[in-house]
1. VAL231 versus ASP108, label points 7 Å from Cα toward the beta carbon: distance in nm?
2. For segment 274-324, with only Lys/Arg (+1) and Asp/Glu (-1) charged at the beta-carbon, what is the dipole magnitude about the Cα centre, in debye rounded to 20?
3. Could you compute the net charge surrounding ASP266? Neighbours are other residues with a C-beta less than 12 Å from the C-beta of ASP266; K and R count +1, D and E count -1.
4. If Lys and Arg each add +1 and Asp and Glu each add -1, what is the summed charge of the other residues whose beta carbon sits under 10 Å from the beta carbon of ARG315?
5. What residue among ILE253, ALA296, VAL313 has its Cα farthest toward the positive end of the dipole of segment 250-340, where the charges are +1 on Lys, Arg and -1 on Asp, Glu, each on the Cβ?
6. Between ARG180 and SER255, what is the FRET efficiency for a Förster distance of 35 Å, r being their Cβ-Cβ separation, to the nearest 0.05?
7. Between SER402 and LEU20, what length in nm is gained on full extension when 0.36 nm per residue of separation is reduced by their alpha carbon distance?
8. Step through the residues of segment 331-342 one at a time and calculate ³J(HN,Hα) from phi using the Karplus curve (6.51 cos²θ - 1.76 cosθ + 1.60, θ = phi - 60°), rounding each to whole Hz and writing x for Gly and Pro.
Amino acid sequence: MKAWLAAGERGLFIRSYIALAGGLLIVAILLDVGFGALQARQVRAADPWLVSTLKLVESELAVTPAEERAARAGELGRRLGLEMSLLDAGDIAGTVANDGGPRELVDDSGKVFYLWSSPALHGALRLGPFEPHHESRLVRFLPVVFYASILLIVGLWLRPLLSDLRVLTDASRKFATDYREPLETAKHTTQLTSLATNLDDMSGKVSQLIQSQKEMTAALSHEMRTPLARVRFAAAVLEGEVDDSLHGQLRAINSDVKQIDDLISDMLDYARLDHPGLRMDRQDVALEPWLKQVAAGCPPHEKTLETVRVDGVERAWMEPRLMELALNNLLVNALRYAKQRVRIEVTRDHDVYRIVVEDDGDGIPEADRAAVFRAFTRLDTSRNRETGGFGLGLAIVARIASLHRGRVIAGASRELGGARMALEWPSI
């Protein structure tokens with residue numbers, strides 16, 4: 001699990017780094033290309049010394065007799081310190097563009113020539129060859145340094161932010177597991193200290209609220225049992241001293257007291273299952289004696305209880321005490337609403353154990369099947385207060401399934417026609 005979290009944090013860092021650095025690199029490259037194109041255009045459009053030189057030479061050769069122009073061109077070139085020659089129109093056909101400007105040509109050796117088309121001379125002037133311009137290696141290396149500096153700056157900027165996020169994520173995950181310890185992240189962050197301080201304050205208030213609520217629930221539950229015991233004892237004493245006409249009312253009082261006592265037990269079970277200090281002692285349990293023990297713990301009934309172990313499933317990996325409580329709640333729920341039959345089926349599908357409890361009652365409407373696992377949820381159907389229950393039994397089952405990294409699903413029984421509760425959890 002820790003390795004998976006570490007891989008997730010590395011993935012977050014890599015994705016953030018690539019997104020930000022990649023965006024900056026794309027912008028830098030586009031600016032570099034655009035600047036280079038603009039610079040090249042300006043250089044080509046503005047070469048006044050070259051154009052002026054060629055025009056002066058052209059004007060000088062235009063007044064020179066045609067047979068003397070080639071020699072005159074060479075002489076002018078030597079005076080200017082350039083190699084210059086005059087080419088006939090036939091020699092340059094298709095080579096010089098008719099755009100009114102000089103054209104740059106490079107031969108196989110890399111040397112540069114400039115051609116100037118001149119209709120007045122019936123040919124073109126050629127300047128060159130010139131040695132090509134060699135850029136410094138430092139100049140060539142500068143873009144690499146620029147882009148590398150962007151990556152470095154982005155990495156240095158992101159690292160403390162992602163480190164703070166990792167601290168907040170780990171602390172929040174720990175607080176979600178155990179609310180008793182408020183967050184203390186502000187002193188471990190550098191960039192997100194304000195956010196960490198707010199989270200620390202919020203976690204402290206939430207922790208105090210939850211603990212106060214649970215302590216109050218536990219205290220009330222325990223304190224209520226003492227007066228309930230006194231009421232039950234007083235009713236038992238009165239039952240032997242009052243007229244027979246009052247016995248029914250005393251039995252009703254005892255029934256109400258038992259319902260309140262059962263509610264307190266359910267509330268304590270539910271609160272205990274939600275406590276972060278709960279220890280899960282999983283064992284390899286033999287199913288046959290365990291199922292008999294659970295069935296024997298059910299309240300007295302006149303229904304038919306069937307047990308089926310598909311494919312000879314003999315053992316299951318679970319916390320037997322908690323799973324016994326879950327199955328007992330499922331059976332009590334099924335026996336309460338069944339007309340005559342309740343069926344337990346235990347199966348194993350690859351690495352998943354499954355306990356299915358079905359009954360032949362009226363079933364649960366499809367729209368309410370997810371809601372029945374919420375605490376204190378009761379449906380406005382035949383499952384009303386006359387049948388008993390307080391809406392905590394199935395919530396306890398759902399919590400136990402979650403503790404086993406499993407789930408419980410409500411459905412309809414194809415064979416019996418009533419409700420179908422499937423509790424499943426992984427075997428590892």
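1. In this crude label model, VAL231 to ASP108 measures out at 11.3 nm.
2. On the way: 7 positive and 10 negative charges, 18 e Å.
Dipole magnitude for segment 274-324 comes out near 80 debye.
3. My count for the surroundings of ASP266 gives -1.
4. On the way: positive: ARG348; negative: ASP284, GLU288, GLU314.
Charge balance in the 10 Å sphere: -2.
5. Projecting each Cα onto the dipole axis, the largest value belongs to ILE253.
6. The pair ARG180/SER255 has a calculated efficiency of 0.35.
7. Stretched out fully, the SER402 to LEU20 stretch lengthens by 133.6 nm.
8. 3J(HN,Hα) across segment 331-342, in whole Hz: 5, 4, 5, 5, 5, 5, 10, 6, 7, 8, 10, 10.
The values are calculated or read from the model by the stated rules, or taken from the named source; none is laboratory data. This one's a predicted model, so the numbers in the text were calculated from it and none came from an experiment. As a convention, Cβ positions derive from the backbone with ideal geometry for all residues, glycine included, and neighbour counts pool all protein chains shown. All accessible areas refer to the heavy atoms of the entire protein, side chains included, with ligands and DNA or RNA removed. Shrake-Rupley method; radii C 1.70, N 1.55, O 1.52, S 1.80 Å.
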